[in-house]
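Below is one structure, written out as structure tokens; comments come after it.
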Amino acid sequence: MVIRSMSHLVVRGYRQEEGIDFEESFAPVARMKAIWIFLAYVAHKSFTVFQIDVKTAFLHGTLKEDVYVCQPEGFIDADHPSYVFKLKKALYGLKQAPRAWYNELSTFLQQNHFFKGTTDPTLFIRRFVNDILVVQVCVDDIIFGSSHPRYTHLFSDLMKSHFKMSMMREMIFFLGLQVNQFPFGIFINQSNYVLEILKKYGMESCDLVGTTMEIKDKLDLD
């Protein structure tokens, strides 16, 4: 059953020329270690972690370069078939689209009193009198937590005022990680990923095997 039909305009980015159609295309992306550190911090502070997604994120980016595209097939203006379009915003397929989106989001957050992490540019922090709000960005997926629930809702409302967002929900699955939050800690695993691999290779009915490990091993500070 078809619930809805969707289509996207996609630019032929492979035809772009560096120095003409784009300059820089690199965009910061949160590393998995950054996600682990974020979860360790919020668990230590007993924050509840929430997540939201930005819909059609790449379409929000403002372009610095002049980019022209041909009229898409099936939508050519009969009166002006030779016309081309000048893009005002980024489109899917543009090499600079991820960077344009990151710059758009980063600028918006900093204009709203967030400061960016010095070593991790995908981490944004806003301090209040006695509270703190921490935000971790991975392209269009955003996780966040605060020392007071009012600020998580404040952040969700702030994002919805400027971007089209999904509903705020408690973080349970993020970038392949299954996340279980409890008052006494946060536990992460990749059980769904493992089950998908077993299913892919027809091993759903395989037997479990226990694996021994040291139980009295002393850990170093490192």
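List the pairs whose first member sits in the range 16-30 and is farther than 11 Å from residue 99 by Cα and without any contact (Cβ under 8 Å) to a residue 24 or more places away in the chain, whose second member is β-branched (Val, Ile, Thr) and in a loop (DSSP other than H, G, I, E, B), and whose Cβ atoms are under 8 Å apart, counting only residues at least 6 apart or on separate chains?
From the range 16-30, no pairs qualify.
How many residues does the range 77-87 hold that are part of a strand (DSSP E or B) and either of a type outside the set (Lys, Arg) or within 22 Å of residue 159 (Cβ to Cβ) (or both)?
The total comes to 2.
Would you say residue 47 is more than 17 Å from the chain's Cα centre (by Cα), closer than 30 Å to residue 154 by Cα and surrounded by 12 or more Cβ atoms within 10 Å (Cβ to Cβ)? Before the answer, list the steps.
Working: more than 17 Å from the chain's Cα centre (by Cα): yes; closer than 30 Å to residue 154 by Cα: yes; surrounded by 12 or more Cβ atoms within 10 Å (Cβ to Cβ): yes.
Spelling it out, residue 47 is indeed more than 17 Å from the chain's Cα centre (by Cα), closer than 30 Å to residue 154 by Cα and surrounded by 12 or more Cβ atoms within 10 Å (Cβ to Cβ).
Among residues belonging to the range 1-11 that are among the aliphatic types (A, V, I, L, M) and assigned to a loop (DSSP other than H, G, I, E, B), point out the one that is modelled with the lowest pLDDT.
The residue in question is 1.
How do the strands (runs of 3 or more DSSP E) wholly within the range 88-148 filter down when requiring 1 or more residues that are among the polar types (S, T, N, Q) and touching a strand residue (DSSP E or B) at 6+ places or on another chain (Cβ under 8 Å): which remain?
132-138, 141-146
Can you pull out the residues in the range 53-76 that are out of contact with any helix residue (DSSP H, G or I) (no Cβ under 8 Å at 6 or more places or on another chain), surrounded by 14 or more Cβ atoms within 10 Å (Cβ to Cβ) and assigned to a loop (DSSP other than H, G, I, E, B)?
65, 67, 71
Is it fair to say residue 14 is over 22 Å from the mean Cα position of the chain (by Cα) and either loosely packed, with under 14 Cβ neighbours inside 10 Å or not in a strand (DSSP E or B) (or both)?
So residue 14 fits the description; yes.
Any idea how many residues of the range 156-168 are under 11 Å from residue 51 (Cα atoms) and in a helix (DSSP H, G or I)?
Residues in the range 156-168 being under 11 Å from residue 51 (Cα atoms) and in a helix (DSSP H, G or I): 1 in total.
Output the number of residues of the range 17-44 satisfying the condition of being outside any loop (DSSP other than H, G, I, E, B), under 18 Å from the mean Cα position of the chain (by Cα) and loosely packed, with under 12 Cβ neighbours inside 10 Å.
Qualifying residue count for the region: 2.
For the range 169-182, which positions are assigned to a loop (DSSP other than H, G, I, E, B) and either farther than 25 Å from residue 39 by Cα or at pLDDT 85 or above (or both)?
171, 172
Mind listing whichever residues of the range 108-121 are under 29 Å from residue 8 (Cβ atoms) and modelled with pLDDT under 95?
121
Go through the range 191-222 residue by residue and tally those that are part of a loop (DSSP other than H, G, I, E, B) and modelled with pLDDT of 85 or more. Break it down into steps so the answer makes sense when it comes.
Of all residues in the range 191-222, those part of a loop (DSSP other than H, G, I, E, B) come to 201-222.
Among the residues that remain, those that are also modelled with pLDDT of 85 or more are: 201-203.
Of the residues in that region, 3 qualify.
Pick from the range 122-154 the residues that are touching a residue at least 60 places away in the same chain (Cβ under 8 Å) and more than 17 Å from residue 41 (Cβ to Cβ): which of them is surrounded by the fewest Cβ atoms within 10 Å (Cβ to Cβ)?
149
For the range 1-15, which positions are in contact (Cβ under 8 Å) with a residue 12 or more places away in the chain and not basic (Lys, Arg)?
Passing the criteria: 8, 9, 10, 11, 13.
So is residue 168 surrounded by fewer than 19 Cβ atoms within 10 Å (Cβ to Cβ) and within 16 Å of the chain's Cα centre (by Cα) or not?
yes
The values are calculated or read from the model by the stated rules, or taken from the named source; none is laboratory data. None of the values given here were measured: they were computed from a predicted structure. Here the Cβ is made from the backbone with ideal geometry for all residues, glycine too, and neighbour counts use every protein chain on show.
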